[in-house]
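Reading through the structure tokens given below for one structure.
The values are calculated or read from the model by the stated rules, or taken from the named source; none is laboratory data. Quick caveat: nothing in here was measured; it's all calculated off a predicted structure. Counting neighbours? That spans all protein chains shown, and the Cβs are built from the backbone with ideal geometry, glycine included. The area values use the complete protein model at the heavy-atom level, side chains included, leaving out ligands, DNA and RNA. Shrake-Rupley method; radii C 1.70, N 1.55, O 1.52, S 1.80 Å.
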Amino acid sequence: MRKPLVAALFALAIAGAGAAPAVAAPAPEAPASAPASVSVAASVSVKSTDSAARTASTRAAAAPTLQAVTFAGTVSLSNCSGSVIRFPNSASTDPALVLSNGHCLETGFPEPGEVIVDQASSRTFGLLNSAGTRVATLRASTVAYSTMTDTDVTIYQLTSTYAQIQSSYGISALTVADTHPVAGTAITVASGYWKRTYSCNIDGFVYRLKEGDWTWKDSVRYTSACQTIGGTSGSPVIDNATGKVVAVNNTGNEDGGTCTENNPCEVDANGNVTVREGINYAQEIYQIPACFTTGNKLNLSASGCTLPRP
């Protein structure tokens with residue numbers, strides 16, 4: 001989660017548009033009881049110049065061809081970012097879906113353990129083209145799924161189909177990868193709210209990421225180059241090699257706090273806590289396609305679906 005919109009606009013006035021955040025106002029902060037063992041981790045490992053050069057050369061030789069990531073298919077929300085997504089088995093005649101964060105839900109943060117399904121919504125989204133220009137306004141019919149338990153996602157069903165969006169605006173949905181992301185992958189976080197991208201790599205995965213009252217499982221940790229800000233919440237995390245969405249951007253440790261809102265902490269399987277000030281995170285989405293069946297219909301009882309249920 002990120003700074004409230006008021007704080008973001010204040011930062012904008014001081015620092016200029018290039019550095020200022022904006023997002024949904026967070027719920028009241030509650031004290032978090034963290035496991036006893038806490039360590040503070042450095043964000044960057046320093047290596048000798050020769051070793052770094054050899055490593056870079058090896059990676060360059062083995063790296064796949066990277067694609068230029070654009071804003072096409074991303075959307076701006078009133079307080080967050082998002083994207084029009086499809087699953088590997090989605091049909092062009094299916095109602096389109098928009099992916100964002102659970103904490104971007106227009107009715108407020110879902111409580112821990114709360115799962116929202118099939119809730120009426122008329123929320124609008126600004127559809128962007130490759131240059132980041134708003135070309136249309138899309139409208140939701142329902143909140144198909146939303147939670148901040150185990151993950152941090154909201155999926156809206158739209159009143160338009162993929163075919164209608166493609167025909168009217170020439171924009172295709174982004175495909176969600178249905179396999180677990182891989183450490184070291186080159187990624188781009190594309191924010192429709194700010195019309196700004198952040199490029200880095202997947203640094204690794206976090207057993208449990210705790211922030212305030214919420215806990216997320218198997219979260220994605222970025223390398224330090226992705227200095228995402230408020231308003232980037234809900235942005236698609238795109239694999240540069242495949243163009244597929246591998247995660248949804250959601251939070252970062254802003255000032256070194258331990259397990260509090262805007263200062264998530266990492267908790268390992270033994271309960272040890274690590275704080276990484278300035279490091280940002282995303283939530284995996286590879287498990288979501290199994291929960292949507294023919295017609296982009298949510299079925300939490302479908303084989304392979306592991307999303308939390310109401």
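Beta carbons closer than 7 Å, at least 6 apart along the sequence or on distinct chains, pair a first residue in the stretch 274-301 that is more than 22 Å from Asp218 (Cα to Cα) with a second that is β-branched (Val, Ile, Thr) for Leu298/Val117; Asn299/Thr293. Of the residues contained in the stretch 185-195, none is found to be open to solvent by 30 Å² or more (accessible area, probe 1.4 Å) and either modelled with pLDDT under 95 or of a type in the set (A, V, I, L, M) (or both).
Does Ser219 satisfy the criteria of being of a type in the set (Gly, Ala, Ser), open to solvent by less than 10 Å² (accessible area, probe 1.4 Å) and part of a strand (DSSP E or B)? Even if it seems obvious, please write down each step before you answer.
Numbers: of a type in the set (Gly, Ala, Ser): yes; open to solvent by less than 10 Å² (accessible area, probe 1.4 Å): yes; part of a strand (DSSP E or B): yes.
Criteria met by Ser219.
Would you point out which residue out of Val143, Val135, Val117 is modelled with pLDDT of 95 or more and closer than 22 Å to Val246 by Cα? Break it down into steps so the answer makes sense when it comes.
Values: Val135 fails: closer than 22 Å to Val246 by Cα; Val117 fails: closer than 22 Å to Val246 by Cα.
After ruling out the rest, the residue left standing is Val143.
Within the stretch 94-106, identify whether any single residue is of a type in the set (Ser, Thr, Tyr), open to solvent by 20 Å² or more (accessible area, probe 1.4 Å) and either modelled with pLDDT of 95 or more or touching an Asp or Glu at 6+ places or on another chain (Cβ under 8 Å) (or both), and answer yes or no. Please lay out each step first, then the result.
Here is the first cut: in the stretch 94-106, the ones of a type in the set (Ser, Thr, Tyr) are 100.
Then drop every residue that is not open to solvent by 20 Å² or more (accessible area, probe 1.4 Å), which leaves none.
No, the stretch 94-106 contains no residue that is of a type in the set (Ser, Thr, Tyr), open to solvent by 20 Å² or more (accessible area, probe 1.4 Å) and either modelled with pLDDT of 95 or more or touching an Asp or Glu at 6+ places or on another chain (Cβ under 8 Å) (or both).
Restricted to strands (runs of 3 or more DSSP E) entirely inside the stretch 222-310, those with at least 1 residues that are surrounded by 19 or more Cβ atoms within 10 Å (Cβ to Cβ) and within 13 Å of the chain's Cα centre (by Cα) are 236-239, 245-252, 280-284.
Just the residues that are open to solvent by 10 Å² or more (accessible area, probe 1.4 Å), within 22 Å of Cys104 (Cα to Cα) and more than 19 Å from the chain's Cα centre (by Cα), please, taken from the stretch 137-176. If the condition is that a residue be open to solvent by 10 Å² or more (accessible area, probe 1.4 Å), within 22 Å of Cys104 (Cα to Cα) and more than 19 Å from the chain's Cα centre (by Cα), then Thr137, Arg139, Ser141, Thr142, Thr159, Ser160 are the ones that fit. Inspect all residues belonging to the stretch 115-124 and state whether any of them is among the hydrophobic types (A, V, I, L, M, F, W, C), closer than 21 Å to Arg309 by Cα and open to solvent by 40 Å² or more (accessible area, probe 1.4 Å). Yes: one or more hits. Taking the numbered list (1) part of a helix (DSSP H, G or I); (2) under 26 Å from Pro264 (Cα atoms) in turn, Ala163 passes all entries but (2).
When you scan the stretch 208-221, do you find a residue that is polar (S, T, N, Q) and touching a Gly at 6+ places or on another chain (Cβ under 9 Å), even just one?
no
Would you confirm whether any residue within the stretch 73-89 is open to solvent by 30 Å² or more (accessible area, probe 1.4 Å), under 17 Å from the mean Cα position of the chain (by Cα) and more than 17 Å from Thr232 (Cβ to Cβ)?
Applying the first criterion (open to solvent by 30 Å² or more (accessible area, probe 1.4 Å)) to the stretch 73-89 yields 78, 86, 88-89.
Checking the rest, the ones that are also under 17 Å from the mean Cα position of the chain (by Cα) come to 78, 86.
Those still in the list that are more than 17 Å from Thr232 (Cβ to Cβ) too: 86.
For the stretch 73-89, residues open to solvent by 30 Å² or more (accessible area, probe 1.4 Å), under 17 Å from the mean Cα position of the chain (by Cα) and more than 17 Å from Thr232 (Cβ to Cβ): present.
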